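So the structure is just underneath, and the comments pick up after that.
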Amino acid sequence: MDAGWAAVIAGASGAGGAALAAWATGRAMVRQVREQAEQGFDHWLRERRQEAYAALLSTGDALQDELNTVIGHTITPAPPDEQHAAWRAVNAALREVDRAGRTVAVVGPPRVARNGLAMRAALYDAVAVWRDPANPPADQRAIAHATANQAWEESATLFLAQVEQAMQTFDGVRPG
């Protein structure tokens with residue numbers, strides 16, 4: 001009888017051990033699947049953020065290029081149809097800046113979005129200098145434009161710093 005009980009206990013222990021091993025293996029597999037899903041989402045989000053940040057910066061540069069055409073027409077007068085075409089290009093570039101800014105606001109962390117919106121506002125200020133219906137003298141406009149441009153450059157620098165910090169979180173570096 002002792003041998004019978006020993007066999008029952010050994011069988012139960014073996015079955016219990018197998019069940020415990022299966023449970024532990026199952027938990028490890030679930031944890032691995034979760035980690036892979038999180039890594040996949042992090043990779044996707046990192047790519048979307050990189051695209052959005054780059055788009056905002058490049059649309060800002062494109063807007064500045066289009067605005068330079070308008071400024072050139074102000075300094076050396078061009079036919080009205082060329083001036084209107086230049087302003088249409090500036091307005092289209094402003095819409096692209098808005099789209100890029102909204103994308104940054106959606107995919108980026110709040111601090112990056114705030115800086116992106118500040119950069120957008122500085123670009124609008126630079127354009128507003130040349131839209132002024134009062135048409136101040138050229139030297140005053142140039143000074144106002146230089147001030148607005150400096151604000152844009154500073155906001156772009158701050159935006160880039162925030163972007164770098166936000167992107168480090170994807171590289172396993174937690175900002176301090």
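The values are calculated or read from the model by the stated rules, or taken from the named source; none is laboratory data. From a predicted model like this one, the values you see are computed outputs, not experimental measurements. Glycine gets a Cβ as well: all are built from the backbone with ideal geometry, and neighbour counts include every protein chain shown. Heavy atoms of the whole protein, side chains included, go into the accessibility calculation; ligands, DNA and RNA do not. Shrake-Rupley method; radii C 1.70, N 1.55, O 1.52, S 1.80 Å.
Here are the numbers for this structure:
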| quantity | calculated |
| --- | --- |
| Meets criteria (surrounded by fewer than 14 Cβ atoms within 10 Å (Cβ to Cβ), part of a helix (DSSP H, G or I) and among the small types (Gly, Ala, Ser)) for Ala54 | yes |
| Residue within region 71-80 that is in contact with a Lys or Arg (Cβ under 7 Å, 6 or more places away or on another chain) and farther than 30 Å from Trp44 by Cα present | no |
| Filter pass, Ala7 being modelled with pLDDT of 95 or more and open to solvent by 40 Å² or more (accessible area, probe 1.4 Å) | no |
| Residues of region 145-168 satisfying the condition of being open to solvent by less than 40 Å² (accessible area, probe 1.4 Å) and free of Cβ contacts under 8 Å to residues at least 60 places away in the same chain | Ala148, Ser155, Gln162 |
| Scan of region 90-129 for residues that are closer than 17 Å to Glu51 by Cα and of a type in the set (Gly, Ala, Ser), ordered by number | Ala100, Gly101, Ala105, Gly108, Ala113, Gly116 |
| Residue that is modelled with the highest pLDDT [pool: residues in region 17-49 that are open to solvent by 90 Å² or more (accessible area, probe 1.4 Å) and polar (S, T, N, Q)] | Gln39 |
